[in-house]
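So the structure is just underneath, and the comments pick up after that.
The values are calculated or read from the model by the stated rules, or taken from the named source; none is laboratory data. This is a predicted model, so every value here is computed, not measured. Here the Cβ positions follow ideal geometry from the backbone for every residue, glycine too, while neighbour counts run over all protein chains shown. Areas reflect the complete protein model, heavy atoms only, side chains present, ligands, DNA and RNA absent. Shrake-Rupley method; radii C 1.70, N 1.55, O 1.52, S 1.80 Å.
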Amino acid sequence: MTEPVPSNLGSFPSRASPSYGQGSSANLADILERVLDKGIVIAGDIQINLLDIELLTIKLRLLVASVDKAKEMGIDWWEHDPALSSHADGGRELAEENRRLREEIAGLRDAQALPSAEGPAEKPERPKKRASTAKSTRAGNRRTPRTER
Amino acid sequence: MTATVSYLYGVSAVPGGSYDVVAALRGIADAPVRLVPDEDANLAAIVSSVPADDFDEAPLAAHLEDLDWLEAVARAHHRVVDAMAARTTVLPLRLATIYRDDDRVRAMIRAGHRAFAQRLAHLAGHMEWGVKVYFDPPSAPTASTAAAPAAELSPGRAYLRSRHQERDSRQDAYRAAEQAARRVEAAARTQAVEHVRHRLQQGPLSHGSGENIVNNAYLVADGQAEDFRDAVQLAAEQSETIRVEITGPWAPYSFVSRQNEPGEMSEEAIT
């Protein structure tokens with residue numbers, strides 16, 4: 001009756017195998033992968049939103065955490081995935097890269113053009129100063145270099 | 001007002017002795033596990049009582065975000081399914097399938113009886129095996145290979161060249177690993193009845209070194225498990241850049257519905 005399970009297994013050689021009982025030692029990622037994501041879906045009386053679970057495990061970034069917690073840990077793939085997020089359209093990455101490149105070009109132009117316009121005396125200092133301000137305020141007023149010119 | 005609700009682990013065929021197996025099991029929160037059979041008692045839901053307070057909709061949703069809680073429940077869920085699967089064929093349910101009481105569970109089994117029986121018959125005598133292939137990138141080429149041409153080149157070009165070589169050798173290694181992975185897949189398929197490709201594992205919970213390039217599950221007849229493992233291992237040994245991890249046997253989580261399509265059975269099963 002209260003016989004431990006392993007000895008029950010022993011009496012069923014067809015199913016017993018050397019590695020049986022990996023249940024306790026199995027990798028949590030593997031277990032969650034199966035327990036959360038595979039298996040039959042039947043409706044229970046208390047329904048939790050299974051879609052939520054799927055959303056979080058859909059690419060097996062296997063950390064089931066709230067969105068904020070996950071973000072804290074650097075997991076925000078759903079924000080960039082066009083299949084999951086409406087405002088992460090495919091062009092976003094390109095636009096982002098474009099913006100970054102433009103900024104860089106503007107910065108470079110700035111660094112080169114200004115010393116020649118304002119005379120050689122300031123040459124050694126000016127570009128350095130420019131570069132550092134451009135870097136630190138890049139996100140805020142990224143257009144400044146261009147409007148100055 | 002009931003203090004407990006019925007938590008379902010799976011639906012299984014009920015061979016003799018199942019009740020003894022189940023009696024020895026502890027489920028979520030260490031609660032005893034029981035079988036809730038249908039009328040002709042050849043099909044049963046594997047059930048245990050869980051506190052309603054923990055498994056009502058709102059607390060449950062909150063709990064699912066708590067990795068420690070989730071791990072405990074997932075392991076308990078899996079332990080029950082696993083122990084039962086060692087004995088008989090089980091259709092594992094997804095985590096957190098809750099019914100108000102056993103009567104509602106009985107109604108669900110009655111309603112889904114045909115679908116369950118069909119699938120159980122199909123899966124009988126088979127278990128699931130997981131095969132994961134990892135790509136272990138070779139270490140970067142040593143300085144000696146890059147140093148020879150560097151002498152006559154300017155430092156910049158030498159750097160670019162060595163970067164180039166590094167990239168090429170990594171790409172070659174990756175290609176070789178992909179080929180090896182395909183050989184492993186082919187070898188595994190010959191011994192398996194069905195197979196599905198899972199998403200590759202990444203992230204903090206996936207363990208082991210290297211990049212996961214294959215994450216498959218195979219449905220293998222019980223008698224063929226040894227051959228299956230041997231075939232996979234043999235195929236893996238032919239390559240140095242890949243590492244293979246075989247897990248199992250699992251209850252057939254990945255094969256409970258045809259085409260592995262979640263929700264396929266649900267329509268038939270819902271009252």
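Let me have the 222 nm mean residue ellipticity of chain B computed from DSSP H runs of 4+ only, each contributing -39500 (n - 2.57), with the sum over all residues rounded to the nearest 500. Please report the intermediate quantities before stating the final value.
Working: 9 runs with 119 residues, N = 271.
Per the formula, -14000 deg cm²/dmol.
Let me confirm one metric for peptide B:126-133, namely the mean number of other chain beta-carbon atoms within 10 Å of its residues' beta-carbons. Provide the component values of the computation, followed by the final result.
Working: counts 0, 3, 2, 1, 5, 0, 3, 0.
For this peptide, the per-residue mean of nearby foreign Cβ atoms is 2.
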When only alpha-carbon atoms count, how far does chain B stretch along each of its three principal axes, as whole angstroms with the largest first?
85, 42, 33
Given H placed 1.01 Å from N in the peptide plane, which residues other than close sequence neighbours of A:Asn27 have an amide H under 5 Å from its amide H?
none
Computed FRET efficiency, Cβ-Cβ of B:Ala52 and B:Ala124, R0 30 Å: what is it to the nearest 0.05?
0.30
Orientation-averaged projected area, Cα convex hull of the stretch B:2-121 (nm²):
7.0 nm²
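Report the FRET efficiency, 1/(1 + (r/R0)^6), for A:Arg99 and B:Arg100, where r is their Cβ-Cβ distance and R0 is 41 Å, rounded to 0.05.
Numbers: r = 55 Å, r/R0 = 1.33.
Efficiency at R0 = 41 Å is approximately 0.15.
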Using the Karplus curve 6.51 cos²θ - 1.76 cosθ + 1.60 with θ = phi - 60°, work out ³J(HN,Hα) for each residue of the stretch B:90-102 in order, rounded to whole Hz, and write x for Gly and Pro.
10, 9, x, 9, 5, 4, 6, 9, 10, 10, 4, 7, 5
So what is the accessible area of chain B per residue, in Å², with the probe set to 1.4 Å?
46 Å²
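Normalised by the number of residues in the stretch B:1-99, what is the relative contact order in percent for Cα pairs under 8 Å and 6+ residues apart?
Numbers: 160 pairs, mean separation 42.0, N = 99.
The value is 42 percent.
Across the residues of B:72-82, average count of Cβ atoms on other protein chains within 10 Å? Present the calculation step by step, with values, prior to reporting the outcome.
Values: counts 0, 1, 8, 7, 1, 5, 10, 6, 1, 5, 8.
The mean count of partner-chain Cβ atoms within 10 Å per residue comes to 5.
Determine, for each peptide in B:154-160, B:225-231, the mean count of other beta carbons within 10 angstrom over its residues, then list the peptides with the highest first.
Numbers: B:154-160: 11.1, B:225-231: 17.3.
In decreasing order of mean packing, B:154-160, B:225-231 become B:225-231, B:154-160.
Express the relative contact order of chain B as a whole percentage, based on alpha carbon pairs under 8 Å and six or more residues apart in sequence. Kindly include the intermediate steps, with their values, before the conclusion.
Working: 430 pairs, mean separation 64.2, N = 271.
Once divided by the residue count of chain B, the mean separation gives 24 percent.
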Please report the net charge: other residues with Cβ closer than 9 Å to the Cβ of B:Ser48, K and R +1, D and E -1.
+2
Buried accessible surface, B vs A, both sides, probe 1.4 Å, in Å² to 100, equals 5700 Å²
